[in-house]
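Novice: Take a look at this one; I'll ask things after.
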Amino acid sequence: MVWLGALMLIATTTWVGFEWSSRLANRPKHIRQVKNALQILEAEMMYSQLPLQEAFHAIKKQTPFPIHAFFDRLYKNMHQESKDFKIVWANSLDELMDISCLGKNEKEILMQFGQTLGQHDFNQQQKHIYLARSHLERELENANDQYEKYGRMAKSLGVLCGLFIVLLLL
C-alpha cells in the first residue's frame, strides 16, 4: 500500500512538472496566434473595411483554438448583447486567459488594445494594431527565453520533487 501511494505521488508530481512545461511551451505559440489574428484584423479593417463584428467573424474562421474561441465569443456577444464594447472585450479576454497559456502581460496588452479598438480612424487604428503587435513581439521573445530556461527543468523538477517527498516519507 505504501509503494502504491509512493508511485501515485511520483506520478502526480511528474504530471504537474509536465503540465508546467507544456504551459511554457504553449505560451509562445499562443502569442504568435494572437499576433497573426491582429494582422488579419488589420487587413480586414484596412482593406476590406469590414465592421468589427464581421472582422471578428472572418478572424474566427482563420485562427486555431484558443484564439478562435476568443473571436467567436466576441462575434456572438456583439450580436446578442447591447453592452458596451469594452465590457464585451474584457469578458471575452477573461475567457481567453482561462483557456490559453497567455500571461498577465499579454492580457494587459490586449486589454489596452481593446480600449482603443473602433475608437479611431483607419490610420490611427493601424498604428494601435502595430503597437500591440510590437509589444506582443517583445513578450514572445520573453516567452521563448523562459521556455528555453525552464522547459526541461520543469519536467525534471516534477519527477525529482516526487522522489524527494517519497524519500522523506519513507
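Novice: Can you tell me the orientation of helix 104-116 relative to the chain, as the angle in degrees between its alpha-carbon axis and the longest Cα principal axis, to the nearest 10?
Specialist: Once rounded, one gets 10 degrees.
Novice: Take the chain, connect every pair of alpha-carbon atoms lying under 10 Å apart with a spring to form a Gaussian network, then pick out the residue of Q112, Q80, Q125 with the largest mean-square fluctuation.
Specialist: Q80
Novice: At 222 nm, what helix-only mean residue ellipticity would the chain give, in deg cm²/dmol to the nearest 500, using -39500 (n - 2.57) for each DSSP H run of four or more?
Specialist: Numbers: 6 runs with 143 residues, N = 170.
Taken over the chain, the calculation gives -29500 deg cm²/dmol.
Novice: Right, next: Can you give the extra length, in nm with one decimal, that the chain gains between D121 and L160 once fully stretched, where that is 0.36 nm per residue apart less the Cα-Cα distance?
Specialist: On the way: separation 39, 0.36 × 39 = 14.04 nm, distance 5.56 nm.
Net length gain for the segment: 8.5 nm.
Novice: Taking loop as defined by DSSP and a crowding limit of 13 other beta carbons within 10 Å, which GluC sites (Glu not before Pro) in region 1-106 fit?
Specialist: Sparse-neighbourhood loop GluC sites (Glu not before Pro): E81.
Novice: Divide the volume of the convex hull of the Cα atoms of region 90-150 by its number of residues and quote the answer in cubic angstrom per residue.
Specialist: Per-residue hull volume (Cα only) is 73 Å³.
Novice: Let me ask something else about it. Using 0.36 nm per residue, how much length does the chain from W3 to N144 gain when fully extended, once their Cα-Cα distance is taken away?
Specialist: That pair, W3 and N144, stretches by 46.9 nm at full extension.
Novice: Order V2, V159, V34, most accessible first, counting only protein heavy atoms with a 1.4 angstrom probe. Can you show the working numbers first?
Specialist: Numbers: V2 95, V159 50, V34 10 Å².
I get V2, V159, V34, largest accessible area first.
Novice: Evaluate the charge dipole of the chain about its Cα centre and quote only its size in Debye, nearest 20, assuming +1 on the Cβ of each Lys and Arg and -1 on the Cβ of each Asp and Glu.
Specialist: 340
Novice: If you don't mind, another one. Return the label of the correct value of Cα extents along the principal axes in Å, as calculated from the structure shown, out of [x] 46, 34, 30; [y] 37, 37, 31; [z] 67, 33, 23.
Specialist: [z]
Novice: Computed over the Cα atoms of region 1-100, what is the convex hull's projected area averaged over all directions, in nm²?
Specialist: That works out to 8.4 nm², a quarter of the Cα hull's surface.
Novice: Round to a whole number: what % of the accessible area of region 120-170 belongs to carbon and sulfur, probe 1.4 Å?
Specialist: Carbon and sulfur: 58 percent of the exposed surface of region 120-170.
Novice: Trypsin sites (Lys or Arg not before Pro) within region 17-104: which are DSSP loop residues with at most 14 other Cβ atoms inside 10 Å?
Specialist: Those satisfying the criteria are K83.
Novice: Further, regarding this structure: Extension gain Y130-N36, at 0.36 nm per residue separation less the Cα-Cα distance, in nm?
Specialist: This chain segment gains 32.7 nm when fully extended.
Novice: Calculate how steeply helix 67-80 sits against the longest principal axis of the alpha-carbon atoms of the chain, using the helix alpha-carbon long axis, and give the answer as 0 to 90 degrees to the nearest 10.
Specialist: For helix 67-80, the angle is close to 50 degrees.
The values are calculated or read from the model by the stated rules, or taken from the named source; none is laboratory data. Just so it is clear, the model here is predicted, and its values are computed rather than measured. Cβ sites come from the backbone with ideal geometry, for glycine too, and all protein chains shown count toward neighbours. Just the protein is used for accessible areas: all its heavy atoms, side chains included, with ligands, DNA and RNA removed. Shrake-Rupley method; radii C 1.70, N 1.55, O 1.52, S 1.80 Å.
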